[in-house]
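Colleague: Provided herewith is a single structure, encoded as structure tokens, for subsequent inquiry.
Nothing in this text is a laboratory measurement; each read-out follows from the coordinates by a stated rule. This one's a predicted model, so the numbers in the text were calculated from it and none came from an experiment. All Cβ positions, even for glycine, are placed from backbone atoms using ideal geometry, and neighbour counts span all protein chains on display.
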């Protein structure tokens, strides 16, 4: 860099270094920014031009600052110069800075900033923004023999334009793929930013945000209904130069249109929009304490791709909860059936399941497999689904019908049927006779009902991993926790039947070898019936998909 170039750049680099609140520090040989990353980049730029922030701060100590706000779109600091005069250094959005500039620097001298000069500067801003750079303008004002201004309005006028700085905010390599996954999942991504429209449009194209229409804050409709219609336009992908209060309006308008809105933000002024959104997401690194307090989620590494991963995990958790409910509701039907039959028959049919056996089923055998279903990984294709309706509930028609009208009745009929077949084959019971209502015969029947339900629930646990996918696809033991839970359930069943104290308390005897053959057939009945149902559903969906395409 020549001395002439250094002389021209020094005022710009001084403003870049001093007009801000960030600090750079070296930690174990790596530089780290404490504060706003944009300000950190400006300090690094100044250092490359041999302008050190600390030295400038000592030479021209700061007297006060006027912080950035979304209305002015600029910040300024008042510095004391060695000769006793004051200097105001300003940085901010180019159009905001140019509104309060009257002069500009040309070849180390200042000249009046006329309309043509302003147009030339704005053309440079557009050119830099079109390359995806975030553009800031820097300006200054010398204040001699006067008291320090008390407000930004008093200070920020009659400025001398110093120059422009273009900053590249590198796009994380995983973001385009994350945007594509959002599109595949039926999630619409809108870029809502305070950046220049050209910068925003360039970044949107780079990451794959669809839509060739762009709205700026100054062109947003004042009427909320008109705004809602404008946001519904599928061609709209970017909203630029948006103020925080407008961000709040955008979130509210999308919600009134029936959308579930996730809004990201990092600044103090973003807090109302984060609070308004259904899911407020604050940045953990660059976000302010106010933004983090207002948000529902905090991204510790400020990585957008993790939002998409959270959506996938959320969809998986929703499915797992439904699977959990289906699993539990199924054996509730099987547990209730013996009591209903006993009551309706007036005691002619003995009670084939005791209350303690019901408790043993719910606590001793069902608990671990049910919990293991909650650890099921999201199924393949979960991000190709359309988003659920807001009104959709966990206990929907599909869950209730599957548990109460299909799986539950199958378990009830199969378990009671096993007891009846066992009584006929092993005890010589005739179909026209009353079932044995006491003693070892009733204990044997009760033990067969109990064992049948447990074995069918083992099969049901694997079937409940998906409403449509076969239990044998994707690896029967892919969920290791579920496989381990079934093993534990097997040992628990053996303990309830073969440990004398437990079997006496439950009033159920262990089936004989022939009885186990009858009992062992019941889970295969459930597996066959549920696999057949899933095959019909898959075939129907495939037919509908082909007819739609």
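Colleague: Out of all DSSP beta bridges in the chain, what portion is antiparallel? Express it as a percent rounded to 5.
Modeller: Here the share of antiparallel DSSP bridges comes out near 70 percent.
Colleague: Please state the equivalent ellipsoid semi-axes for the range 116-241: what are the square roots of 5 times the Cα gyration tensor eigenvalues, largest first, in whole Å?
Modeller: After scaling each eigenvalue by five and taking roots: 35, 19, 13 Å.
Colleague: From the mean inverse distance of alpha carbon pairs (Kirkwood) and the Cα radius of gyration, derive Rg over Rh for the range 471-543.
Modeller: 1.13
Colleague: Let me ask something else. If you build the Cα gyration tensor of the chain and take the root of 5 times each eigenvalue, what three semi-axes come out, in whole angstrom, biggest first?
Modeller: Semi-axes from the Cα gyration tensor: 73, 24, 19 Å.
Colleague: Using Cα pairs under 8 angstrom and six or more residues apart, how large is the relative contact order of the range 431-549, in percent?
Modeller: 42 percent
Colleague: How long are the semi-axes of the equivalent ellipsoid of the range 3-167, taking √(5λ) for every eigenvalue λ of the Cα gyration tensor, in whole Å from largest down?
Modeller: Gyration-tensor ellipsoid for the range 3-167: 23, 21, 16 Å.
Colleague: Could I ask something else about it? Given N residues in the range 308-548, what is its alpha carbon radius of gyration divided by 2.2 N^0.38 Å?
Modeller: Normalised Rg, Cα atoms only: 1.09.
Colleague: Report, in deg cm²/dmol and to the nearest 500, the calculated mean residue ellipticity at 222 nm for the chain, where each DSSP H run with n ≥ 4 adds -39500 (n - 2.57) and the sum is divided by the residue count.
Modeller: About -16000 deg cm²/dmol.
Colleague: Set the Förster radius R0 to 35 Å, insert the Cβ-Cβ distance between residue 405 and residue 513 as r into 1/(1 + (r/R0)^6), and round the FRET efficiency to 0.05.
Modeller: 0.50
Colleague: What spacing in nm lies between the two simple spin-label points modelled at residue 233 and residue 218, each 7 Å away from Cα in the Cβ direction?
Modeller: 1.8 nm
Colleague: A further question on this structure: Only counting other Cβ atoms within 10 Å, I'd like 259, 393, 198 sorted with the fewest neighbours first.
Modeller: 393, 259, 198
Colleague: Considering just Cα atoms, how many Å³ per residue does the convex hull of the range 175-303 enclose?
Modeller: Spelled out: Cα convex hull of the range 175-303, divided by residues, is 100 Å³.
Colleague: Computed FRET efficiency, Cβ-Cβ of residue 367 and residue 536, R0 30 Å: what is it to the nearest 0.05?
Modeller: 0.40
Colleague: On to the next question. For labels at residue 297 and residue 31 in the simple 7 Å Cα→Cβ model, what's the distance in nm?
Modeller: 3.3 nm
Colleague: Inverting the mean 1/r over all pairs of different Cα atoms, compute the Kirkwood radius of the range 211-265 and quote it in Å.
Modeller: With all distinct Cα pairs of the range 211-265 included, I get 11.4 Å.
Colleague: On to the next question. If you take the square roots of the eigenvalues of the alpha-carbon gyration tensor of the range 260-353 and sort them as a ≥ b ≥ c, do you get rounded (a/c under 1.5), prolate (a/b over b/c) or oblate?
Modeller: prolate
Colleague: If each of residue 154 and residue 424 carries a label point 7 Å out from its Cα toward its Cβ, how far apart are those two points in nm?
Modeller: 10.1 nm
Colleague: State the extension gain, in nm to one decimal, for the chain segment bounded by residue 95 and residue 473, taking 0.36 nm per residue of separation less the distance between their alpha-carbons.
Modeller: Here the segment from residue 95 to residue 473 would lengthen by 130.1 nm.
Colleague: While we're on this one: Angle between the Cα long axis of helix 513-548 and the longest principal axis of the chain, 0 to 90 degrees, nearest 10?
Modeller: 40 degrees
Colleague: Here is a further query. How big is the C-alpha Rg of the range 387-449 next to the rule-of-thumb value 2.2 N^0.38 Å, as a ratio?
Modeller: So the range 387-449 has a normalised radius of gyration of 1.75.
Colleague: Can you give the relative contact order of the chain as a percent, counting alpha carbon pairs under 8 Å and 6+ residues apart?
Modeller: 9 percent
Colleague: May I pose another question? State, in angstrom, two size descriptors of the range 417-549 derived from its alpha carbons: Rg to one decimal place and Dmax to the nearest whole number.
Modeller: 18.8, 64
Colleague: Please give the contour-minus-distance gain from residue 544 to residue 321: 0.36 nm per residue of separation, less the Cα-Cα distance, rounded to one decimal in nm.
Modeller: Length gained between residue 544 and residue 321: 77.6 nm.
Colleague: Give the angle, between 0 and 90 degrees and rounded to the nearest 10, that separates the Cα long axis of helix 439-463 from the longest principal axis of the Cα atoms of the chain.
Modeller: 30 degrees
Colleague: Right, next: Quick one, what does Rg over Rh come out to for the range 332-401 if you take C-alpha atoms and the Kirkwood Rh?
Modeller: My calculation of the ratio gives 1.16.
Colleague: Return the FRET efficiency for the residue pair residue 47, residue 172: r is the Cβ-Cβ distance, R0 is 25 Å, and the value is rounded to the nearest 0.05.
Modeller: 0.50
Colleague: Follow-up question, since we're still on this one. Nearest 10 degrees is fine. How inclined is helix 408-426 to the longest principal axis of the chain, computing both from alpha carbons?
Modeller: 20 degrees
Colleague: Fully extended, how many nm does the chain gain between residue 375 and residue 3 (0.36 nm per residue separation, minus their Cα-Cα distance)?
Modeller: Taking residue 375 through residue 3 to full extension adds about 127.3 nm, to one decimal.
Colleague: Let me ask another. Mean separation of Cα pairs under 8 Å and 6+ residues apart, divided by the residue count of the range 182-298: what relative contact order is that in percent?
Modeller: Answer for the range 182-298 is 20 percent.
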